[in-house]
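Take a look at the structure set out below.
The values are calculated or read from the model by the stated rules, or taken from the named source; none is laboratory data. Predicted model only: the values in this text are computed from it and were never measured. Positions of Cβ are generated from backbone atoms using ideal geometry, with glycine treated the same way; all protein chains shown enter the neighbour counts. Remember, those area values only see protein heavy atoms, side chains included, never the ligands or the DNA or RNA. Shrake-Rupley method; radii C 1.70, N 1.55, O 1.52, S 1.80 Å.
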Amino acid sequence: MGSVTTIMDENKNEKLERYSTLRVVLRRMKRNKGGIAGLIVVLIYFVIAVIGLWIVPYHPDEPDFESALMPPNPKHPFGTDLFGRDVLSRVIAGARTSFTISIFAVALTVFIGLVIGTIAGYVGGWVDEVLMRFLDIFMAFPEILLAIAIVAILGPGKINIVIAIAVFSFPSFARITRASVISVKSNDYVEAAKAIGESDMSIMLRYILPNALSPVVVQATLRMGTAILTISSLGFLGLGVKAPEAEWGTELAMARSYLESAPWLSIFPGIAIVLVVLGFNFLGDALNDALNPRLKDR
Amino acid sequence: MIKLKLLEIRNLKVYFNTEEGIVKALEDVNLEIDKGEILGLVGETGCGKSVTVLTVLRLLSNASTISGQVLFEGQDLLKLSEKEMLKIRGKEITMIFQEPMTSLNPVFTVGQQLMDVIQLHMNLDKKRALERAIEVLKLVKLPDPDYIVNKYPHELSGGMRQRVMIAMAISCEPKLIIADEPTTALDVTIQAQILGILKHLKEQLGVSILIITHNLGVVAQICDRVAVMYSGYVIETGTVAEIFQHAVHPYTRGLLKAIPPIEEKVERLNVIPGNVPNLITPPSGCRFHPRCERYKDGVCNAQAPSLRQLTETHTYMCYNPYLPEGVVEEVNV
Amino acid sequence: MRSFIIKRLLLLIPIFFGVSVLCFLILYFIPGVPAKIIAGEGATKEDIENIRVVFGLDKPLYVQYLRFLRGIFTGELRSIKSGESILKEIAPRYVGTIQLAFSSIIISSTLGILLGVLAAVYKNSWIDNLAMAFALIGASTPVFWLGLLLILVFAVYLKVLPSGGREGFKSIILPALTLGLPSSAIVARLTRASMLDALSQDYIRTALAYGIPKRKVIFKYALKNALIPVVTVIGLQFGFLLSGAVLTESVFGWPGVGRYIVDAVFSRDYVVIEVGILITAMTFVLVNTSVDLLYAVLDPRLRKG
């Protein structure tokens, strides 16, 4: 600093090092109210998705024409639809649908993104150049259009929706991973591992990937929200899961025709989508703040 | 007859509220600057130099306590309204900052930025403001000012930008320029040029300059008087000769010893042991006592020392100073 | 600067090439022989062979690709379902989509910038909290659901605006809001962050230290810096809007390219899908490139050389 130097507290540095791990991340998370709210919503969503079919008050798919289009009442708190199905039960069943598809879609996305991003970042040179231009082409398509095109080719269905989401999501993942890998690559421990002759594969898997993961975790959380939105969008367009399976977007597409006579049909599934996506966005933001404290605006 | 000082800071106290507690940034700061004088304000990072000058210009928005007086030509700046302060800032008192790279706005040209200030304070039309801008660029010895007014800051070197900053500082004929570490970010040769320009401006325009620095070399080069700050107190002031030759405060002595000698090789730089004190729970009594080599238990840690006067120009705050031989009397101010 | 523009424009060539190849290949990813799909169920062998020749499916792949490209611009490429020239069908719909996208951009940028600046200037106040709550909810709301809610309120209950169609100025208000509001949320968040960053810069302190009034510091000195990244995001929003347009057009029955494509999916009109997606993607790429160039114009630091 200046001509006046002070003696550094060396112990302090050591402590800093040790704490800058999971514990610090958790402690920072705890202070973030939005993050906790997000986490709670996401956990509730997980639980409902897993045990939902055992707690539904009515069978979500079985029609009961006698009680069709009933407004919310004590027996059916969210009302009933055209076929007399309980909307609350359908919303709960819809959680399972969107959860299953989105979790597989994000997993597939992360996998492809990690592979391409790590190779591009680690190998560099023309391999990197070619892979990046390849990604540019995918990124030239507006997201939902790419999904529509893929569902148009492969036909509707859960697996095809998973693929459609992965296809438009992986480029941004690959880019983030690549940037992260490049910044980790220049660390001394990577150089050291190279120097003692470890193979590229083991360097990538043992040293680079684990250290490059934090932006990927954040992105994966945020992508869950995007995936859920996309699933419902495809459902709304009629390109979602097959009837009679409950899915929030599909429910809303049906509700479109009954806006005047049965507005409750278009309220509850929409609220469910907003809440869950909001939960993932809050959680993702909080994770981002906790993992990259420097980026946080004070 | 009491001569009116240009700027007098009396018992200035500034606290901040933070999550960790109250930061006692300034406890008791006393300073004065005469007309046409260059005062050096020195001290370690975190001693309160910058807070002091930002308080003078009332640029601190988050202070929880500000008390004392900041008399500018006899007028207490702390009592002025925000609107009245707008006429002081940039007109009567101007500032030069440490980072010439970031202190100028990157999306406006040098000329636009100078003219904004000139038009605001000098009531000139656009054409006259531009002429004035070119004139002040000339004053700070920038080559080809007609060309430079149309440049963006990133197109200029660090030294040139700092000259633009100085040009802005003198553009409305201020009475006091506050220069916060004006040369720290610059190369040594550029440093000397900038200091030369400041000294020249003082002589040519008769402006007073308050220069904040942690570099005692800068002080020796251009200052008339020095004030040494430690943890929210001005602990010693005097003329350059008094401070460099007869410093009485142990901290000032430590600072002077820490200047690396140029001629001889040294094994290890002299440092003052210990850390700059925490401002939330500062040491009791004299805040320097935990690091002081002349510490007297029961005295130094009991109560903060009051301001004492050695000569007409030399004051200090210490219970156990290095007094010159023969001087025993202490006069409380 | 000039070399930057040229470089950026040259980059368009491989992207256009890649995008068009990918769109062209959509037909070839479809399981089963394309001609069979085109001919529909119950077609005879001769029918299929006939179609192969008509569509040039018997030619080598690169010839087909070139024919495909030429077919778009000459209007020779026809919809399988209606038999009309796709160019003719898509042109008015393209205008519709662009109209919708621009109206939304105007809503999203004015509202987004306004909210973002207010939130940054009154940081941590109720204004900030409210604006950011709006921003988060906006970014988490499905476009089509927002559309349904707006119809519910303004068309069903208040009966002040039409719930669909494309007749007069009134009919574009709800679709534009549907598309613009979520996007304004994103713009608001970014503007806030960018504005806070600008306000914390040294040059803001300089301006304040020189007696420049706070209002001028915020709206001239800080905003001009803060808007540079915001412009980029508004440009990138165009991609989001083109995506969202597909859904908005479906909700409101707005005649645009998005709905044209979705309809084609249901009628298995693959040629329309190919062309529609290609044109949308090209528009997206062109807008992004223009945004990049605009960025260079706005930021003097990039204007070198």
Classify chain C as rounded, prolate or oblate from the Cα gyration tensor: take a ≥ b ≥ c as the square roots of its eigenvalues, call it rounded if a/c is under 1.5, otherwise prolate when a/b beats b/c and oblate if not. oblate
Might you work out the accessible area of B:Cys47 for me, using a 1.4 Å probe with all protein chains in place, and round it to the nearest 10 Å²? 0 Å²
In Hz, Karplus ³J(HN,Hα) per residue of the range B:78-86 (6.51, -1.76, 1.60; θ = phi - 60°; x = Gly, Pro): 5, 9, 6, 6, 4, 5, 5, 5, 4
Pairwise Cα inverse-distance average, inverted: Kirkwood Rh of chain B (Å): 21.1 Å
Where GluC sites (Glu not before Pro) in DSSP loops with at most 15 other Cβ within 10 Å are excluded, longest remaining stretch of chain A: A:1-197
Given backbone amide H placed at 1.01 Å from N, residues whose amide H is under 5 Å from that of B:Val234, ignoring those fewer than 5 places away on the same chain, are B:Asp28, B:Asn30
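When only Cα pairs under 8 Å and 6 or more residues apart are kept, what is the percent relative contact order across chain A? Spell out each step's value before the answer.
Numbers: 406 pairs, mean separation 73.0, N = 298.
Value for chain A: 24 percent.
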For B:Lys199, which lysines qualify as cross-link partners when the Cα separation must be under 23 Å and same-chain residues fewer than eight apart are set aside? B:Lys5, B:Lys35, B:Lys49, B:Lys91, B:Lys138, B:Lys141, B:Lys175
Excluding ligands, DNA and RNA, what is the accessible area buried between chains B and A, summed over both sides, using a 1.4 Å probe, to the nearest 100 Å²? 900 Å²
Taking H as built 1.01 Å from N, whose amide H comes closer than 5 Å to the amide H of B:Glu37, not counting residues under 5 places away? B:Ser208, B:Ile209
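I need the per residue convex hull volume for the range B:103-173, using only the alpha carbons, in cubic angstrom as a whole number.
Values: hull volume 5.3 nm³, N = 71.
Convex hull volume per residue, Cα atoms: 74 Å³.
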To the nearest Å, what is the center-to-center distance of the range B:59-89 and the range B:104-160, using C-alpha atoms only? 28 Å
Taking chain C as the reference, fit the longest principal axis to its C-alpha atoms, fit the long axis of helix C:257-266 to the helix C-alpha atoms, and give the angle between the two in degrees, 0 to 90, nearest 10. 40 degrees
Whole angstrom only: what separates the Cα centroid of the range C:180-254 from the Cα centroid of the range B:306-323? 56 Å
Quick check: the angle from helix C:126-140's long axis to the longest principal axis of chain C, C-alpha only, nearest 10 degrees? 10 degrees
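For C:Tyr157, C:Tyr295, what's the largest-to-smallest order of accessible area, 1.4 Å probe? Spell out each step's value before the answer.
Numbers: C:Tyr157 150, C:Tyr295 70 Å².
Largest to smallest exposure gives the sequence C:Tyr157, C:Tyr295.
Which three semi-axes in whole Å describe the equivalent ellipsoid of the protein assembly as shown, each the square root of 5 times a Cα gyration tensor eigenvalue, listed largest first?
On the way: eigenvalues 864, 195, 160 Å².
That gives 66, 31, 28 Å for the three semi-axes.
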Protein accessible area in the protein assembly as shown, 1.4 Å probe - carbon and sulfur %: 61 percent
Keeping all protein chains in the complex and leaving out DNA, RNA and ligands, what accessible area do you get for C:Val233 with a 1.4 Å probe, in Å² to the nearest 10? 30 Å²
The C/B contact buries a total accessible area, at probe radius 1.4 Å and rounded to the nearest 100 Å², of 2200 Å²
Reported to the nearest 10 Å², A:Met139 has, with a 1.4 Å probe, an accessible area equal to 80 Å²
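To the nearest 20 debye, what is the magnitude of the charge dipole of the protein assembly as shown about its Cα centre, counting +1 on the Cβ of each Lys and Arg and -1 on the Cβ of each Asp and Glu? Walk me through the intermediate numbers first.
Working: 91 positive and 82 negative charges, 200 e Å.
Using only the charged Cβ atoms, the result is roughly 960 debye.
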Using only the Cα atoms of the range B:1-118, build the gyration tensor, take square roots of its eigenvalues as a ≥ b ≥ c, and label the shape rounded, prolate or oblate: rounded if a/c is under 1.5, else prolate if a/b is larger than b/c, else oblate. oblate
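Sort B:His154, B:His200, A:His59 by accessible area with a 1.4 Å probe, largest first.
On the way: B:His154 45, B:His200 70, A:His59 100 Å².
Descending accessible area places them as A:His59, B:His200, B:His154.
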Nearest 10 degrees is fine. How inclined is helix B:188-205 to the longest principal axis of chain B, computing both from alpha carbons? 80 degrees
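For the range B:202-324, report the convex hull volume of the alpha-carbon atoms normalised per residue, in Å³, without decimals.
On the way: hull volume 16.2 nm³, N = 123.
Normalising the Cα hull of the range B:202-324 by residue number yields 132 Å³.
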Give me a comma-separated list of calculated 3J(HN,Hα) values for the range B:173-185, in order, Karplus coefficients 6.51, -1.76, 1.60 applied at θ = phi - 60°, integers in Hz, x for any Gly or Pro. 6, x, 9, 9, 10, 9, 10, 8, 6, x, 10, 4, 8
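Which value, in Å², gives the accessible area per residue of the protein assembly as shown when a 1.4 Å probe is used on the protein heavy atoms?
Details: 43420 Å² over 936 residues.
With the other protein chains kept in place, the protein assembly as shown gives 46 Å² per residue.
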Yeah, the range B:159-228 with a ≥ b ≥ c from its alpha-carbon gyration tensor (a/c under 1.5 is rounded, else prolate when a/b outruns b/c, oblate otherwise) is oblate
I need the helices of chain A that pass two filters: whole DSSP H segments spanning 18 Å or more by Cα along the axis, and mean Kyte-Doolittle score no lower than -0.5. A:33-55, A:87-123, A:125-139, A:158-185, A:214-237, A:264-291
Could you state the number of Å between the C-alpha centres of the range B:220-250 and the range A:219-298? 66 Å
Ordering B:Tyr152, B:Tyr230 by accessible area with a probe of 1.4 Å, largest first, what comes out? B:Tyr152, B:Tyr230
Kindly identify residues of the range C:125-146 having a loss of at least 20 Å² in accessible area between the isolated chain and the assembly of all protein chains, probe radius 1.4 Å. C:Leu136, C:Ile137, C:Ala139, C:Ser140, C:Pro142, C:Phe144, C:Trp145
Please give every one of the lysines within straight-line cross-link reach of C:Lys59, meaning a C-alpha to C-alpha distance under 17 Å, and leave out same-chain neighbours fewer than 8 residues apart. C:Lys36
Computed for chain B: size of charge dipole around the Cα centre, +1 on C-beta of each Lys and Arg, -1 on C-beta of each Asp and Glu, debye to nearest 20, value 500 debye
What's the local net charge at B:Ser171, with K and R +1, D and E -1, over the other residues with C-beta under 11 Å away? -1
